[in-house]
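Reviewing the structure listed below.
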Amino acid sequence: MLRPTFLSFETAKKALSASQYGLDTVGHNISNVNTPGYTRQRVDQVSISPTGYRSKFQIHGSQGPGMGSEVQGISQVRDPFLDNRYRTEAANYGELSIKSNALMDLVSVFDEIMKDGLWSQFGELINALDKFKDNVTSEDMATVVRNYARQLTQVMNKNASELETILKQQYSDLSVSVGDINSIVEQVARLNELIMEDHFYGVPSNELMDQRNLLLDQLSEYLDITVEYTSTTVGDRKVQQCNVYINGLWDSPLISSGSYNQLKLEPSIGDGGSQSLNDWVSNADGCVSLSLIDGVSGLAVKGVSDLTPLFETGQLGGALGGYVQVINGDGIYSSDGSSFRGVAYYRKALDELAVQFAQVMNGLNTPSYDNHINSCTENIARLTEMINAETALASPDNEAVAQWEQERMEYLEKLNGFLPIDDFSLADTPGFDWDNIATAGSGALLIQNGQAQEVVQTLDNDGEIVSLLLGATDLAPELAQGRRYLFVGAGNDPSVITAKTITISEEWVKDAFWMTTNLSPTVDGGEDSNHGDNIARFYYALNSQSYSFANGFSGTCQEFLVGMQSDLSLDKQLNNTLADASFNVISGIIKQRDAVSAVSTDEEAINMIIYQNYYNAAARYMTVLDEALGTIIQGMGVVGR
Amino acid sequence: MRIPNSTIVRNYTHTLSNNLNRLNRCTDQVMTGRRFSAGYEDPASAVRAMNIRRSLSRIDSYKDNVKTLQSKYDAAETTLGQLSNRCVDVQDYFNNALNGTNDADEYKVFAANLTQLRDEMIDLINGRFAGNYLFGGTNVSNDLPFQRTVVAGSSPPEYQLTYNGKNIFDIAQGDPCTTDNTYVDIGLDMQVNMSTGAIASGTAFDSSLRAIDYLGLGEDNLVYILDNMITALESGNFNPNEHGQLLTSFQQATNRVNLGLAQMGADTNYLKYTYERLENEEDNLIKRQDAIEFVNSEEAIMSLKMQEYVYNAALQMGTRLLQPSLFNFLS
C-alpha cells in the first residue's frame, strides 16, 4: 500500500483553514450580538474520507486514515417550528393590542368613574324635572330644565364627535398598516428571488434569510399567516422556495416565491362602494372593506365580499383583524348579532339612545297627540264593535237599536273632535242606511260623498301614527302639525335625530315654557296652575320608566348607559387579560427562540479558545510534517556520501 | 437551556416595566384614594358604584324636596295657628255680645272688631310662602284663592265667598277643587300612570293645602258664619237668644281649624321622620360607596411602600445585570 508523500500537508492546510473559518464565524457572531433578527451561525465541518474510497482503481485492503476535515459552509441555527409558533401568537397579540388601544379610547369617551358624562347629565335633568314638577309656574325652574336638556344634547353631540374622531384615527392607523403590510410583502418577494438565486449558486445567503425572517415576523403581527418552504427545481439544481399564505386563503397565496398580491383598503357604507372619507366618517353605517389585488397588474384576486367577512368575524386575527373589528364591529346590531363591540356598536347604541330619548320626550310633550292616538284607536274599535253588533241583531228591536244609535252618535262625535275632518261627514247623517255599511268592510265608519269609507290606522312600534287613512286620504300629516317637539335633529327636523345632531328645538329655545306642564285640564282654569302632572310624566319617564332598546337592553336611559359602560368595561378587562396572557406566551416563545438562535458571548469565547487551540494544533501538525519530510530529504542517505 | 445575553436583557426590561406599572397603580391609589379609576379595572364594582351614585343623587334631591316641604308646612302651621287665635278672639267678642247687656252702639263696636278680625283671617288664609299661595291648592299665583266679593249687580251690595273663583255654596264635596293635589317625590317609589299622568297616592307626598279644608264649605264656612255674626250685630235687633246658635256653629267651624292644625303637626312629624330616614339611607350608601370605590389608606400606603421596595431592588439588580463574561478572564 502506497502513501502519497504530500497528502498530509493537504490535511494540515484544511485544518488551518477550518480553524480560521471558525474564528471568523466567532467574530461575525460577536459583532452581531445586538443585531435584530440575527441568527447565530456555525461552521458546517465534515471529515474527509480517504482517497479512492469506492473509486474504480482502489487497491483492496489499502484503506488509510481520513484526509482531515472540510468546511462545507456556514449555516444558521434556527428552529422553524418556533418561528411558526411565534407567528401564530404574534397575530393573536397584534389583534388584542389594537383592540385594547381602541377600547381604551372608547373608555375615555364613556367611562364615568372619574368624570361626569352623559349618565350624569341624565341625572341632572331628572333632578331638575323633579324640582320643576313641584313648581311648574316658575320661569327659573323652566329655564334650568331647558339648560340641562341642552347640556345633555351637547354632551351627546360631543360623545358622537369623539367617536368619529376615534373612527378617523383608527382608519388612518389601518391605512398606514395596510401600506406597511404591502411594503413588507413586496420586500419579502424580492428577498425570495435573491435567496433563490444565491442558493442556485450555492451561496448560503444567511443574512438575507435573517432579513426575510425579521420581515415575516413583522408581517405576522399584522396578519394571520402561514409560511411554507418548498423545494423546487431550477435547471438541474434544487432550490428552496418560500410561500406565504393568509390563513384560510390557500388558493391565493399572499406571496408565492417572487410574485405577490397586495391588500386594498376602502371605506364603504353598508355594502356600497367606496366613499369620500368625510362622508364615510359621518355615516353611522360606515365600515371598511379589504380586497386582495395582484401586486403587479392590480387586478382583483379576492373580492371584498370574500375577504372582509374573514376579518370582521375575527376568523383572521392580526393587527389588521383588530382594526377591522374595531371599525366594523357593531355587536348586537350586526346580522348575526355576535360581532365585536367596536366603534360602530357604540355609535349605533348612542344614536339609538338619542332617538329613543327624543321620541319619549317629544311624545310626552304633545299629550293631546297621544290622546288622539288613544282615542282614535279606542273609538274606532268601539264603533266597529257596535256596527258588527247591530248587523248581528236578529230581529229589529226598536229599543235596542235606538240605544245603539245614541251611543254610536256619542262616539262619532268624540271621534269628530279628534279627527280634522272637513270634507267627511259622519255616517249618522240623516237618511244614511246603516245596513249598507256592513258591505264596506268592518272598519267602515265614515262616509265621503255618500260612500262608506274605511278608517285604517297604522302605528309604528313607538306608538307614533304612520298613517291614518280615511278612504284614500291620509290624515297623519295633518295630525302631526299640532305636535310640540322638544328635541330635534339637524335643521330643526324631528325625524332625523342622531346623537351627533340632536338638539333642543328652536321653539323651546325661544320659549322656556314650551314644555307642556299640564296634562289634565287645570282645576281652577288658570294657565299657570301648579298641577304639573305632565312634568310628573316627564320625570317618571326618565327616572323610572323602562324602554326596550334594539340591542336587547330594557331599562331607563340611565340604566342603558350604565349597561353600555359595563359592556365596555367587561370587554376591556377581558381584552386586557387575553393580551397579558398572549404577551406571556410570546415572551416564552421568544425566550425559547433566543435559546436556540441568539448569540451567547460566553459560548463564543469558548469557541474562540477552541478554534485558537485548533489553529495552533494544526500549525504544529504542519511543522511536524515539515520536520518529518526534512528528515527524509536532508537526513536520509547521508551515510554513503 | 442556553441563556444568551438578549434573554437576560429582555427579561430584565420586562420585569422592570411590570414593576413600574404596579408602582404606578399603587401611587394612583394613594393619590386619588380610589380603588379603581376606570370601569374596566373592576367592572362589577363599577356598576355597583354607578347605582350607588344614582341613589345618592336621588336622595339628595328627595332631601331637598322634604326640606322645602318642611319650610312650607312650618309657614302653614304658623298661619293656621294665628287663624286659630283669631277664632278664639272672635268667640270671646261674641260671647261678650251675647252675655252682657249692651246697647245697639256697643253691638256695632263688636261688629267693627269682628269685621277687623274677619279681614285679618282672610288675609291669613291668602298668605304666601316663597311667593306662592299656601292654601290655594294647585293655585299658587293666580287670583287670591279665598275671596269675599260683591255679587255683580246686587243692590244693596251682597257679598259672596269664593274659593279659586268658585262660590263656596257651589262647591260640592268631591268637587275637583277639593281634591286637587301637588305630589312631591320624597323617595317612596313614586308611580305615575303614563296615560293619565295621575300619581298613585301613597307613592308620593301630597303637599296641596286647600283653604276650604280648614274653613269649610257652604253654611259651615267659618267666614260665612262670621259674616252672619257681623250682620246680626249690625242689624240693630241683635237678640242673644236667637243668635246664640251662631256661636255654636262658629265653635264647630273653629274645631275644623284646630283639627287641621293637628293634622298639620302630624304631617310635619312625618316629614321629619322622612328626612331622618333619608339621611340614614344616605349614610348607609356613603358607607357602601366607601367600601366599593375607595381604598383603605393604610393598606394603600403599605402596598405602595412594598412596591417601592420591590422596584428599588429591581433597579439595583440592573447594575449586576451584565455580569463579566468569559472574555474578561482571557489573557
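Would you pick out the residues in the range B:128-150 that are under 16 Å from B:Arg118 (Cβ atoms) and not in a loop (DSSP other than H, G, I, E, B)?
B:Phe146, B:Gln147, B:Arg148, B:Thr149, B:Val150, listed by residue number.
Out of all the residues in the range B:171-190, which are under 21 Å from A:Asn127 (Cα atoms), in contact with a helix residue (DSSP H, G or I) (Cβ under 8 Å, 6 or more places away or on another chain) and assigned to a loop (DSSP other than H, G, I, E, B)?
B:Asp185, B:Ile186, B:Gly187, B:Met190
Could you check the range A:86-100 and list, in sequence order, the residues that are surrounded by fewer than 23 Cβ atoms within 10 Å (Cβ to Cβ) and within 13 Å of another protein chain (Cβ to nearest Cβ)?
Selection gives A:Ser100 alone.
Within the range A:229-255, track down each residue that is more than 21 Å from A:Leu310 (Cα to Cα) and of a type outside the set (A, V, I, L, M).
Within the range A:229-255, A:Tyr229, A:Thr230, A:Ser231, A:Thr232, A:Thr233, A:Gly235, A:Asp236, A:Arg237, A:Lys238, A:Gln240, A:Gln241, A:Cys242 meet the criteria.
Check the range A:246-258 and report whether any residue there is touching a helix residue (DSSP H, G or I) at 6+ places or on another chain (Cβ under 7 Å), at pLDDT 90 or above and β-branched (Val, Ile, Thr).
Within the range A:246-258, one or more residues are touching a helix residue (DSSP H, G or I) at 6+ places or on another chain (Cβ under 7 Å), at pLDDT 90 or above and β-branched (Val, Ile, Thr).
If I filter the range B:66-86 for residues that are at the interface with another protein chain (Cβ under 8 Å from one of its Cβ atoms) and modelled with pLDDT of 90 or more, do I get at least one hit?
Yes, the range B:66-86 contains at least one residue that is at the interface with another protein chain (Cβ under 8 Å from one of its Cβ atoms) and modelled with pLDDT of 90 or more.
Name the single residue, out of those in the range B:1-33 being surrounded by fewer than 17 Cβ atoms within 10 Å (Cβ to Cβ) and not in a helix (DSSP H, G or I), that is farthest from the other protein chains (Cβ to nearest Cβ).
The extreme case among them is B:Gly33.
If B:Ser37 satisfies all but one of (1) at the interface with chain A (Cβ under 8 Å from one of its Cβ atoms); (2) in a helix (DSSP H, G or I), what's the number of the condition it fails?
(2)
How about the range B:276-331: which of its residues are assigned to a helix (DSSP H, G or I), farther than 30 Å from B:Val47 by Cα and among the small types (Gly, Ala, Ser)?
B:Ala313, B:Ala314, B:Gly318
Let me confirm something: among A:Ile606, A:Ile610, A:Ile589, which residue is of a type in the set (Val, Ile, Thr), within 8 Å of chain B (Cβ to nearest Cβ), part of a helix (DSSP H, G or I) and surrounded by fewer than 21 Cβ atoms within 10 Å (Cβ to Cβ)?
Being of a type in the set (Val, Ile, Thr), within 8 Å of chain B (Cβ to nearest Cβ), part of a helix (DSSP H, G or I) and surrounded by fewer than 21 Cβ atoms within 10 Å (Cβ to Cβ) holds for just one of A:Ile606, A:Ile610, A:Ile589, which is A:Ile606.
Please verify whether B:Gly165 is surrounded by fewer than 19 Cβ atoms within 10 Å (Cβ to Cβ), out of contact with any helix residue (DSSP H, G or I) (no Cβ under 6 Å at 6 or more places or on another chain), facing chain A (nearest Cβ under 10 Å) and more than 20 Å from A:Val136 (Cα to Cα), treating the condition exactly as stated.
Against the criterion (surrounded by fewer than 19 Cβ atoms within 10 Å (Cβ to Cβ), out of contact with any helix residue (DSSP H, G or I) (no Cβ under 6 Å at 6 or more places or on another chain), facing chain A (nearest Cβ under 10 Å) and more than 20 Å from A:Val136 (Cα to Cα)), B:Gly165 qualifies.
Scan the range B:191-213 for residues that are part of a loop (DSSP other than H, G, I, E, B), crowded, with 23+ Cβ neighbours inside 10 Å and touching a helix residue (DSSP H, G or I) at 6+ places or on another chain (Cβ under 7 Å) and jot them down.
Passing the criteria: only B:Leu209.
Which of the residues spanning the range A:602-636 are modelled with pLDDT of 90 or more and among the polar types (S, T, N, Q)?
Correct list: A:Asn607, A:Gln612, A:Asn613, A:Asn616, A:Thr623.
Have a look at A:Ser177, A:Ser183, A:Ser172, A:Ser138 and point out the one that is within 14 Å of chain B (Cβ to nearest Cβ) and out of contact with any strand residue (DSSP E or B) (no Cβ under 8 Å at 6 or more places or on another chain).
On inspection, the qualifying residue turns out to be A:Ser138.
So, in the range B:138-159, of the ones that are at pLDDT below 85 and under 20 Å from A:Thr137 (Cβ atoms), which residue ends up farthest from the other protein chains (Cβ to nearest Cβ)?
B:Asp143
For the range A:571-625, how many residues are hydrophobic (A, V, I, L, M, F, W, C) and closer than 19 Å to A:Gly94 by Cα?
So the count comes out to 9.
Looking at the range A:484-504, which of the residues that are assigned to a loop (DSSP other than H, G, I, E, B) and under 29 Å from B:Tyr183 (Cα atoms) is farthest from the chain's Cα centre (by Cα)?
By that ranking, first place goes to A:Arg484.
Residue under question is A:Gly52, and the condition is that it be over 55 Å from the mean Cα position of the chain (by Cα), over 26 Å from A:Asn607 (Cβ atoms), at pLDDT below 65 and part of a loop (DSSP other than H, G, I, E, B); does it hold?
When the stated conditions are applied, A:Gly52 passes them.
Just checking, which of A:Ser172, A:Ser161, A:Ser205 is over 30 Å from A:Asp594 (Cβ atoms) and without any contact (Cβ under 8 Å) to a residue 12 or more places away in the chain?
Checking each option against the conditions leaves just A:Ser172.
Are there helices (runs of 4 or more DSSP H) fully within the range A:303-372 with at least 3 residues that are polar (S, T, N, Q) and within 18 Å of A:Ser548 (Cα to Cα)? List them.
A:343-365
Matching residues to (1) under 17 Å from the mean Cα position of the chain (by Cα); (2) part of a helix (DSSP H, G or I):
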| position | (1), (2) |
| --- | --- |
| A:Leu103 | yes, yes |
| A:Val107 | yes, yes |
| A:Met114 | no, no |
| A:Trp119 | no, yes |
| A:Val136 | no, no |
| A:Leu152 | no, yes |
| A:Ala160 | no, yes |
| A:Thr165 | yes, yes |
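So for the range A:550-564 (the condition being closer than 28 Å to A:Leu103 by Cα, assigned to a strand (DSSP E or B) and more than 10 Å from every other protein chain (Cβ to nearest Cβ)), does at least one residue qualify?
Within the range A:550-564 (the criterion being closer than 28 Å to A:Leu103 by Cα, assigned to a strand (DSSP E or B) and more than 10 Å from every other protein chain (Cβ to nearest Cβ)), the answer is yes, since at least one residue qualifies.
For a quick check of your reading of the model, give me the residue pairs whose first member lies in the range A:529-549 and is more than 8 Å from chain B (Cβ to nearest Cβ) and within 10 Å of A:Leu129 (Cα to Cα), whose second is in a loop (DSSP other than H, G, I, E, B) and among the aliphatic types (A, V, I, L, M), with beta-carbon atoms closer than 6 Å and at least 6 apart or on different chains.
Partner pairs satisfying both residue conditions: A:Ile535/A:Val136.
The values are calculated or read from the model by the stated rules, or taken from the named source; none is laboratory data. Since we're looking at a predicted model, the values are computed, not measured. Because the Cβ atoms are built from the backbone with ideal geometry, glycine has one as well, and the counts that use them run over all protein chains shown.
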